[in-house]
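Written out below as C-alpha cells is the structure these notes cover.
The values are calculated or read from the model by the stated rules, or taken from the named source; none is laboratory data. Keep in mind the model is a prediction, meaning the values are calculated, not measured. When we count neighbours, we look across all protein chains shown, and the Cβ atoms used for this are built from the backbone with ideal geometry, even at glycine.
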Amino acid sequence: MYFAFGVLLVPLERYLDAPRWLVAGAFSLGLLMSAVTAPIVGRLADRGQGPAVIQAGGLVAAGLLIFWAAFPSIVSTYVVWALLGICMSAILYEPVFAVVGRAFGDASDRMRAIATVTVMGGLASTVFLPGTAALNAWLGWRGATVAIAAIIAVSTIIVGRVAFRDLEWSAATIRDAIVGRAMAGAAPLPGVDRIALVFAISAIVNSGVASNLVAALMEGGFEPTVAATVAGLFGVTQLPGRLLMTSPRFTPSPIILVIFSFALQVIGLVALMFDNGVALVSGVVIFASGAGLTTLARPYWVLHRYGAERAGGANGIIARGSQLARAAGPVAAAALAGASSYALVFLLFGGLLIAAGIAAATPERAQTPIGK
C-alpha cells in the first residue's frame, strides 16, 4: 500500500484527467492522517490491543482499496487515502514493534525479532515497486489495486491465524484509548520529545533523499535509466545492516546504533555531492545502509528507554513527528535543489543529521528505563 501509490500515480493521473500534484496530494493527506492517529494506535498497543488494531487495519485497508477501484474519482481518491492513512498507522512498523516488544521478555531476543521484521519490511520496495508496475501493465491500475487489496487481506488473515491465534480484544479498552483516557498509574514519558526530534530529523532527510535520488543522480551526469537503476539499490542495500542485527553476537547500545547509522548516512551524503560515478553509487549504498539501521534503532532505543509496557505510546508520539517530517522532506529537498543544487541539499541534510546525532548522544538526567 505504501509503495504502490507512487507506481499508480501516472496511470491514475491519466485516468482521472487531473494534475499530478492534485493526485499526489491524496497520498500526502494519507501520511498526515497517519501522523495524527499514530498516538492513538500507540496507546492501543500499550493496552494489549495491538493485534486487534493490525487485523482491523489490514482488512479495512483491503476494503477501501476495492471501493476506490470500483468508484474512482478525485473526491473518492482523497476520501479513501485519508482513511488509508489511518490504516497505515495501524499496520506499518509502529504497532508491529509494540506487539513484538511485548512478546519477548529478553532484550536481545526482542532486538533480533524486530530485526527480522525489518528485514522483511526492507524488501517491500524491492517487491512491490516492480510488482505493482507488472500488475498495472497486466490488469490496469484498477485491477492492480484490487490485486493489492487481495494480497493485503489474505496476508492479514494468515497473520491473524498464525501469530494472533489467542487474540483478545476489548471494546471498552479500545474506546478509552481512542478518547485518550489515561491508564491508572500511567507515568509520563520523559525525554520522548527529544527522541521524537531526533527521528523527525532523520525522517525528513531520508524521505528527501529517497524521493529526489533519481533527479540528483541525473544532475550528477547519469542517464535517466541508469539513474533509476542505481536508485533502485536503495531498498536492497538497507538489508545487510538489519541482517547483522539478527545475530546474537551483535548487541550495540541503542545510542551507539543511532549515532553509527547517522554517521553512515552523513558519509553517503558527502559522497553524493561529487560528480563522479563511483562516488555517487557508493553514496547511495552507504546512505541506504545507514538508513536501514536507523529503522531498527528507533524501536531498539524506545524499548530500552521505556520498556515493553510503554513502548507503544512512545512510538506513537515519535511516529507522529516522523510522519509529518517525512511528508515535508520531498518538497523541501526539491524546492531547495531547484533554487541551488542537490550538493547544497545534501550538505544541509548532513548538517541536520550531525545535529540529531549530538542530540541523541546528550545524556539525560534520568536514564532508568520506565517499567524496570
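Confirm whether Tyr2 is in contact (Cβ under 8 Å) with a residue 40 or more places away in the chain and assigned to a loop (DSSP other than H, G, I, E, B).
Taking the combined requirement at face value, the residue satisfies it.
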The listed residue being surrounded by fewer than 21 Cβ atoms within 10 Å (Cβ to Cβ), touching a helix residue (DSSP H, G or I) at 6+ places or on another chain (Cβ under 8 Å) and in the same structural domain as Leu213 (by TED's automatic domain parsing), out of Ala319, Ala291, Ala335, Ala279: Ala279
Subset of segment 217-237 (residues that are under 20 Å from Phe3 (Cβ atoms) and modelled with pLDDT of 80 or more): Leu217, Thr237
Among (1) buried (at least 17 other Cβ atoms within 10 Å of the Cβ); (2) under 16 Å from Ser207 (Cα atoms), the one test that Arg310 misses: (2)
Residue match in segment 83-100 (condition: among the acidic types (Asp, Glu) and without any contact (Cβ under 8 Å) to a residue 60 or more places away in the chain): no
Residues (of a type in the set (Asp, Glu) and not in a helix (DSSP H, G or I)) located in segment 9-67: Asp17
Among (1) within 20 Å of Ala361 (Cβ to Cβ); (2) surrounded by fewer than 20 Cβ atoms within 10 Å (Cβ to Cβ), the one test that Ile204 misses: (2)
Any pair with Cβ under 6 angstrom, 6 or more apart, that starts in segment 214-225 at a residue that is assigned by TED's automatic domain parsing to the domain that holds Val281 and of a type outside the set (S, T, N, Q) and ends at one that is at pLDDT below 85 and not in a helix (DSSP H, G or I): Gly220/Asp275; Gly221/Asp275
Some residue of segment 207-228 being closer than 20 Å to Val117 by Cβ and crowded, with 22+ Cβ neighbours inside 10 Å: no
Residue match in segment 2-16 (condition: crowded, with 20+ Cβ neighbours inside 10 Å, within 20 Å of the chain's Cα centre (by Cα) and β-branched (Val, Ile, Thr)): yes
Residue count for segment 307-340, restricted to those that are under 19 Å from Val214 (Cβ atoms) and of a type in the set (Asp, Glu): 0
Some residue of segment 227-234 being assigned to a helix (DSSP H, G or I), in contact (Cβ under 8 Å) with a residue 60 or more places away in the chain and under 19 Å from Ser125 (Cβ atoms): yes
